[in-house]
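Only one structure is covered here, and it is reproduced in the block below.
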Amino acid sequence: MKFKLIYSGDIFVNPKKRAQHISDIRMQFHPQLKKLVEHSPWNNLTKYMLPHASKAPLITRHVGGIDWNPIISPNLKMIAELDILLLHPEIVGVARSDIDNRIKTLMDGLRCPQNEHEIGTNTPANIGPIFTLLDDDHLVTKLTVNTSHLLAHDIIPEKYQGSPDSVFVLIDVNVRVTEGNLENLPFMV
């Protein structure tokens, strides 16, 4: 099963307020993933998610007073392969910042917080469960990253335009099942 996610904005290499920056990234993915589970076969996941979970195993995490609904969960024996296209304002071959730390920051934004210290104070606590791609980043079994020069700066939100840390990211997500069972049957296509 495949789908795509997009991110447009800053990805800092070593942010001073890391939890807040990661929260900003998570909150760009949240509405996309919430929309994903409105469609078949992804709507089958809602049976295992709060607030209306009706089946076990429950995949919702409760961290820092907030419910987090990951799409990829070990409870459903699912893993992910990610193919990331990262477009940045730097000229290719003359990088201002290192790609590995940008990807580390992005990966943290794709997963549930593991403890309350990873939740930024800017994370809204009153919007209901927050959707994330991953329960944890150890569920990524394949990761490819392609980078290139961003030529169309108008696809970056205005508040990030001109920032040397602004990027446009397209993520191809390939969800795989590690062990077939009745809970993950809809995802074995």
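The values are calculated or read from the model by the stated rules, or taken from the named source; none is laboratory data. All figures in this text were calculated on a predicted structure; none of them were measured in a lab. Cβ placement follows ideal geometry from the backbone for every residue including glycine, while neighbour counts extend to all protein chains displayed.
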Cβ pairs under 8 Å, 6+ apart or interchain, first in the stretch 167-189 and under 14 Å from residue 45 (Cα atoms), second among the basic types (Lys, Arg) and outside any loop (DSSP other than H, G, I, E, B), ordered by first then second residue, are 175/2
Residue tally, condition of a type outside the set (Ser, Thr, Tyr), more than 21 Å from residue 21 (Cα to Cα) and surrounded by 12 or more Cβ atoms within 10 Å (Cβ to Cβ), over the stretch 154-178: 6
What number of residues within the stretch 60-72 are modelled with pLDDT under 95 and under 18 Å from residue 175 (Cα atoms)? 0
Flag for residue 90 being of a type in the set (Asp, Glu), under 23 Å from residue 154 (Cβ atoms), surrounded by fewer than 20 Cβ atoms within 10 Å (Cβ to Cβ) and out of contact with any helix residue (DSSP H, G or I) (no Cβ under 6 Å at 6 or more places or on another chain): yes
The lone condition residue 8 fails out of (1) more than 30 Å from residue 183 (Cα to Cα); (2) more than 13 Å from the chain's Cα centre (by Cα); (3) in contact (Cβ under 8 Å) with a residue 40 or more places away in the chain is (2)
Quick check on the stretch 81-97. Is at least one of its residues in contact with a Ser or Thr (Cβ under 6 Å, 6 or more places away or on another chain), assigned to a loop (DSSP other than H, G, I, E, B) and under 25 Å from residue 178 (Cβ atoms)? no
Which of the numbered conditions does residue 123 fail, given that it passes all the others? Conditions: (1) part of a loop (DSSP other than H, G, I, E, B); (2) on the phi < 0 side of the Ramachandran plot; (3) surrounded by fewer than 15 Cβ atoms within 10 Å (Cβ to Cβ). (3)
Go through the stretch 41-63 residue by residue and tally those that are free of Cβ contacts under 8 Å to residues at least 60 places away in the same chain and either part of a loop (DSSP other than H, G, I, E, B) or within 19 Å of residue 119 (Cβ to Cβ) (or both). 7
Out of 180, 128, 162, report the one residue that is more than 16 Å from the chain's Cα centre (by Cα) and farther than 27 Å from residue 38 by Cβ. 162
Can you find a residue that is assigned to a helix (DSSP H, G or I), of a type in the set (A, V, I, L, M) and under 20 Å from residue 11 (Cα atoms) anywhere in the stretch 152-173? yes
